[in-house]
1. In the stretch 103-115, what residues are open to solvent by less than 10 Å² (accessible area, probe 1.4 Å) and touching a helix residue (DSSP H, G or I) at 6+ places or on another chain (Cβ under 6 Å)?
2. How many residues are away from ligand 2 (no atom under 16 Å from the Cβ), among the basic types (Lys, Arg) and modelled with pLDDT of 95 or more when one looks only at the stretch 206-239?
3. Cβ-Cβ below 9 Å, separation at least six or inter-chain, first residue in the stretch 125-145 and more than 19 Å from Ser194 (Cα to Cα), second modelled with pLDDT under 95 and assigned to a loop (DSSP other than H, G, I, E, B): which pairs?
4. Could you say which residue among Val48, Val56, Val94 is more than 16 Å from ligand 4 (Cβ to nearest atom), among the aliphatic types (A, V, I, L, M) and open to solvent by less than 20 Å² (accessible area, probe 1.4 Å)?
5. When you scan the stretch 237-249, do you find a residue that is surrounded by 14 or more Cβ atoms within 10 Å (Cβ to Cβ) and within 17 Å of the chain's Cα centre (by Cα), even just one?
6. May I ask you to say which residue of Phe202, Phe193 is modelled with pLDDT of 90 or more and under 30 Å from Arg100 (Cβ atoms)?
7. Do the conditions hold for Phe191, that is, is it within 16 Å of ligand 4 (Cβ to nearest atom), more than 19 Å from Ala60 (Cα to Cα) and surrounded by 13 or more Cβ atoms within 10 Å (Cβ to Cβ)?
8. Suppose we filter the stretch 250-270 for residues that are hydroxyl-bearing (Ser, Thr, Tyr) and open to solvent by less than 40 Å² (accessible area, probe 1.4 Å); how many remain?
Amino acid sequence: DAKHNARGSYRLYEQSLQENAGEQHDLEVGLRRALFLQEFTLFYQAQVRMQDRKIVGFEALIRWEKPGAGIISPVRLIPLAKETGEIHEIGKWVLHTACREATTWPEDIKIAVNVSPVQFENGNLKQIVQAALSASSLAPQRLELEITEGLLIKNVANALEQLKEIQALGVSVAMDDFGTGYSSLNYLSSFPFSKIKIDQSFVHRMQIDKSRTLIKAVITLGSALGIKTLAEGVETEEQFEYLAHNGCMEIQGYLISKPVPAEQIQALIS
Ligand code: C2E
Ligand code: MG
Ligand code: MG
Ligand code: MG
């Protein structure tokens, strides 16, 4: 009867909540040991200059290979690491590893590293960046930090101050996922970003809605401010053509290459 069903489905609901909580707990415990167990790796995705399709950089993207659970996406890993505080150690590891691996590439190829908002909270990001540069002997000019606009929301002034000090080292700073936050224009006027990364959602919707007009406007804005524009998530020649035609300077996306393990980089470059 109805009453019985309701109770039965409630029990199922409770059970699935417990399973989720259990899975979440496994992840949290696993995350604490993942660095020590060397379960993280970096994949690299090519950033290409439109004009001649030359690779000018690679973005480092973290992957967590958790035994028994397969590869866990950074979309899941990073928020979890923020909650547990593990993000500080992981962020340090990413910077050190990316800088070290980049020293084996040709000198005209840069390395882009994602930095998460919480990494600004201890006030020592500059020291961490400096340590990664000196441990690897990578030229600061070859390192770019990617910052999402969401970052700057908490204590903007302080984050911008730290970014300026990092920039003074010779490191460049790109605004990631441009157009998905809500204060982009504000940040653009108060901080000297060297690159705007147009979020892939605009590129994917290019044929569907007004996104193509927005993309064009952002490219124009960038060039008026003297800021390079890079479009993310480019998958088709058609998207490439439109972006090239409208003066976008760089692209990144499956059309050129998916993110690959470090061993495959030499093959991509040559
Ligand atoms: P993001 O920095 O915007 O990176 C771009 C994401 O788009 C990557 O996902 C990449 O694999 C994916 N992508 C690239 N080209 C295409 C394409 O043509 N089509 C489609 N559909 N997708 C494409 P991924 O590797 O899953 O990373 C997701 C996000 O996780 C990144 O977004 C970044 O915000 C964050 N993340 C990754 N690694 C790190 C890290 O080391 N530290 C921090 N703080 N965040 C990271
Ligand atoms: Mg990025
Ligand atoms: Mg992005
Ligand atoms: Mg993104």
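The values are calculated or read from the model by the stated rules, or taken from the named source; none is laboratory data. Nothing here was measured: the structure is a model prediction, and the numbers come from that model. FYI the Cβ positions are ideal-geometry reconstructions off the backbone, even for glycines, and counts take in every protein chain you see. The area values use the complete protein model at the heavy-atom level, side chains included, leaving out ligands, DNA and RNA. Shrake-Rupley method; radii C 1.70, N 1.55, O 1.52, S 1.80 Å.
1. Once the filter is applied, which keeps residues that are open to solvent by less than 10 Å² (accessible area, probe 1.4 Å) and touching a helix residue (DSSP H, G or I) at 6+ places or on another chain (Cβ under 6 Å), the stretch 103-115 yields Ile111, Val113.
2. So the count comes out to 1.
3. Partner pairs satisfying both residue conditions: Ile128/Asn122.
4. Details: Val56 fails: open to solvent by less than 20 Å² (accessible area, probe 1.4 Å); Val94 fails: more than 16 Å from ligand 4 (Cβ to nearest atom).
Every option except Val48 fails the conditions.
5. No, the stretch 237-249 has no match at all.
6. Testing whether each residue is modelled with pLDDT of 90 or more and under 30 Å from Arg100 (Cβ atoms) leaves just Phe193.
7. On the way: within 16 Å of ligand 4 (Cβ to nearest atom): no; more than 19 Å from Ala60 (Cα to Cα): yes; surrounded by 13 or more Cβ atoms within 10 Å (Cβ to Cβ): yes.
In short, no.
8. Result for the stretch 250-270: 1.
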